[in-house]
1. Can you spot a residue in the range 50-60 that is at negative phi, open to solvent by less than 40 Å² (accessible area, probe 1.4 Å) and not hydrophobic (A, V, I, L, M, F, W, C)?
2. Among the candidates 23, 46, 79, which residue alone is assigned to a strand (DSSP E or B) and either under 27 Å from residue 107 (Cβ atoms) or at pLDDT below 80 (or both)?
3. Being of a type in the set (A, V, I, L, M), under 17 Å from the mean Cα position of the chain (by Cα) and closer than 29 Å to residue 46 by Cα narrows it down to one of 111, 147, so name that one.
4. Would you say residue 61 is over 14 Å from the mean Cα position of the chain (by Cα), touching a residue at least 60 places away in the same chain (Cβ under 8 Å) and under 23 Å from residue 168 (Cβ atoms)?
5. Can you name the condition, by its number, that residue 74 falls short on among (1) in contact (Cβ under 8 Å) with a residue 40 or more places away in the chain; (2) within 19 Å of residue 158 (Cβ to Cβ)?
6. Residues that are touching a residue at least 12 places away in the same chain (Cβ under 8 Å) and open to solvent by 20 Å² or more (accessible area, probe 1.4 Å), at least 2 per element: which strands (runs of 3 or more DSSP E) completely within the range 87-187 meet that?
7. Kindly list the number of the only condition in (1) touching a residue at least 60 places away in the same chain (Cβ under 8 Å); (2) part of a strand (DSSP E or B); (3) among the hydroxyl-bearing types (Ser, Thr, Tyr) that fails for residue 39.
8. Suppose the filter is among the acidic types (Asp, Glu), open to solvent by 50 Å² or more (accessible area, probe 1.4 Å), assigned to a loop (DSSP other than H, G, I, E, B) and over 30 Å from residue 151 (Cβ atoms); does residue 3 pass it?
Amino acid sequence: TDEARKLLHRKDEACKMIINPALSDLGIDCLDKHKIFRYMRNGFLLQDNYNFILDLKDESIIKPDGVELKEWDKMQLLLAFATCATSNSNTVTIIKDDMLIGNGVGQQDRVECCKLAISRAREAGHDVKGAIAFSDSFFPFPDGPQVLIDAGIKTIFATSGSIKDADVIEVCKRHKVNLFLIPNKIGRVFFGH
């Protein structure tokens, strides 16, 4: 849109924009369904292409009791999902006020992803209190969510599938943090390993 072009414009023309009218006709049927190959010594790995589309109306998403999402909240969750899903694996993304404010990418464990996302947000001058965090996989223990909760995150979105899901749910309930969970079998395919 003209408004988007004005917002993205740079005085030095450093932001180049290409308008592709074919993109306006994209739909769910255009998703790449080809398998992904990762070559390695003496062979390769084969995995399904990631083509999961988040639908917040999906009945399989576990939602906090009594929480009714407003349109603005839905947009924040969708932005968090879209950003995290397209980042490298082992990511926790923090969104607030329609902005990516912190992205903890490529760490060895969820706790470090959480800490990195929070520190990046704070280093950039953002307040994480009241923000939304999205994890590209389940939390194996409640320690990751606890790091987010201690920083002031009020909504956490992740996949389920950990043997400690009940502990993760309990820590979020205890601190009155909204926890949304996508079943692991449909939502945990972000990895590009």
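1. no
2. Working: 23 fails: assigned to a strand (DSSP E or B); 79 fails: assigned to a strand (DSSP E or B).
Of the residues listed, the single one that is assigned to a strand (DSSP E or B) and either under 27 Å from residue 107 (Cβ atoms) or at pLDDT below 80 (or both) is 46.
3. Numbers: 147 fails: closer than 29 Å to residue 46 by Cα.
Only one candidate passes the filter, namely 111.
4. Numbers: over 14 Å from the mean Cα position of the chain (by Cα): yes; touching a residue at least 60 places away in the same chain (Cβ under 8 Å): yes; under 23 Å from residue 168 (Cβ atoms): yes.
So residue 61 passes the test.
5. (1)
6. Details: elements: 91-96, 99-105, 132-135, 155-159, 178-182.
By residue number, 99-105.
7. Condition (1) is where residue 39 drops out.
8. On the way: among the acidic types (Asp, Glu): yes; open to solvent by 50 Å² or more (accessible area, probe 1.4 Å): yes; assigned to a loop (DSSP other than H, G, I, E, B): no; over 30 Å from residue 151 (Cβ atoms): yes.
No.
The values are calculated or read from the model by the stated rules, or taken from the named source; none is laboratory data. Computed from a predicted structure; not experimentally measured. Ideal geometry is used to build each Cβ from the backbone, glycine not excepted, and the neighbour counts take in all protein chains shown. These area figures cover heavy atoms from the full protein model, side chains too; ligands, DNA and RNA do not enter into them. Shrake-Rupley method; radii C 1.70, N 1.55, O 1.52, S 1.80 Å.
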